[in-house]
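Here the structure comes first, spelled out in structure tokens, and everything after it is commentary.
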Amino acid sequence: MRAADLAERFGVSERSIYRDIRALEAAGIPILGEPGVGYRLDRSYRLPPVNVQSDEALALAIAAKFAATRLGGRVAEDATRAMDKVLTALAPVERRRLTDFIDTVALPDGNTPTPSGQGDGWLGLLQHALTERRVVELDYCPPTRPASRRAVEPIGVCHYSQHWHLIAWCRRRAAYRDFRLDRIREAHLQAEHVPADRRTGIEDYLATLGSTEALTPITVVFDTRMAHVVGAERYRHGFIDAETHDDGVHMRFMCAHTEYLCRWLLQYTTGVQRIDGGDAPAQWHTLVRALSDHATAR
């Protein structure tokens with residue numbers, strides 16, 4: 001890499017690059033320089049690079065672009081930096097092909113990304129809490145109530161309705177609660193471990209939401225071809241994930257307003273194969289009949 005490229009990459013002057021290279025050489029790092037070509041690090045000095053296959057690199061590149069267009073915030077920045085590291089492990093020809101191709105991939109979302117402000121900055125701390133089964137103390141500010149301090153036992157995080165959420169057992173409420181990460185003012189990892197008998201997992205918790213008034217789990221089966229045109233509007237209705245099966249693409253939602261979801265789905269007409277969950281099937285058939293009656297009356 002040329003000094004000019006390094007300076008642009010790290011946002012410093014070329015003079016700083018020359019100085020730092022000399023310091024690294026003085027420390028015994030085998031950096032080789034060739035006038036007009038640039039610097040390179042002797043491969044014998046480094047650990048063997050990760051052997052990334054071209055299709056794996058492509059999948060990671062698309063995932064990084066998805067994070068940038070749909071999530072924004074720190075997750076997008078971290079994904080982009082990670083992708084830069086993957087690119088350095090590729091041969092120059094493969095790297096050029098991949099970067100040229102990814103520029104042609106569009107992930108239209110209908111809206112600009114909605115970074116959750118400081119929210120996604122808590123993901124690193126929560127990763128430690130979840131993997132080490134540690135209690136976390138939160139200063140949490142709900143939208144309609146004053147801020148409060150909570151000791152919680154995390155069971156998982158999920159992303160829906162354009163925000164990251166922490167699902168945790170709240171000791172204050174003696175129940176599982178959903179905490180939006182951008183409403184967390186402070187979070188502190190505690191030395192105390194989560195009790196061994198607290199075994200509920202994130203999937204188990206989500207499965208129980210059908211019996212609550214807050215969110216309803218709904219599965220919409222789309223025709224495979226139609227599923228490709230469903231844009232980012234689905235995130236407004238609590239989209240969680242999608243899986244492809246023989247009968248179509250199954251999209252899971254945690255929906256707060258079933259009727260709004262069904263009205264949104266009307267635009268996809270026969271592309272919607274089936275709706276399961278809560279009163280969504282009844283709502284769907286009611287809307288379809290009303291639309292049909294209206295069309296006949298006209």
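The values are calculated or read from the model by the stated rules, or taken from the named source; none is laboratory data. Here the structure is a predicted model, which means the values were calculated and not measured. Heads up, the Cβs are rebuilt from the backbone with ideal geometry, glycines too, and the neighbour counts pull from every protein chain shown. Accessible surface is based on the protein model in full, side chains and every heavy atom, while ligands, DNA and RNA are left aside. Shrake-Rupley method; radii C 1.70, N 1.55, O 1.52, S 1.80 Å.
Just how large is the dipole of the chain about the Cα centre, in debye to the nearest 20, putting +1 at every Lys and Arg Cβ and -1 at every Asp and Glu Cβ? Can you show the working numbers first?
Numbers: 38 positive and 39 negative charges, 141 e Å.
The calculation lands at about 680 debye.
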What's the Cα-based Rg to Rh of the chain, Rh via Kirkwood? 1.07
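Can you give the FRET efficiency to the nearest 0.05 for Gln127 and Thr88, using r as the Cβ-Cβ distance and R₀ = 25 Å? List each step's numbers first, then the result.
On the way: r = 25 Å, r/R0 = 0.99.
Approximately 0.50, to the nearest 0.05.
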If I stretch the segment between Ser54 and Arg145 completely, what's the gain in nm (0.36 nm per residue apart, minus their alpha carbon distance), one decimal? 27.7 nm
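At a 1.4 Å probe, what is the % contribution of carbon and sulfur to the accessible area of region 169-298? Walk me through the numbers on the way to the answer.
Details: 3790 of 7830 Å².
C and S fraction of accessible area: 48 percent.
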Could you check the spin-label model distance between Glu203 and Thr99? Points 7 Å from the Cα along Cα→Cβ, value in nm. 4.0
Where only protein heavy atoms count, and the probe is 1.4 Å, what is the accessible area per residue for the chain in Å²? 61
Förster-model FRET efficiency, 41 Å R0, Tyr260 and Ile21, C-beta, rounded to 0.05: 0.10
Other-chain or far-sequence residues with amide H under 5 Å of Ala168's (modelled H): Ile155, Arg177, Phe179
Which of Ala280, Thr244, Ala295 sits closest to the plus end of the dipole of region 238-298, meaning its Cα is farthest towards the positive end, when Lys and Arg get +1 and Asp and Glu get -1 on the C-beta? Ala295
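Direction-averaged shadow area of the convex hull around the Cα atoms of region 169-298, nm²?
Numbers: hull surface 45.0 nm².
Dividing the Cα hull surface by four gives the mean projection, 11.3 nm².
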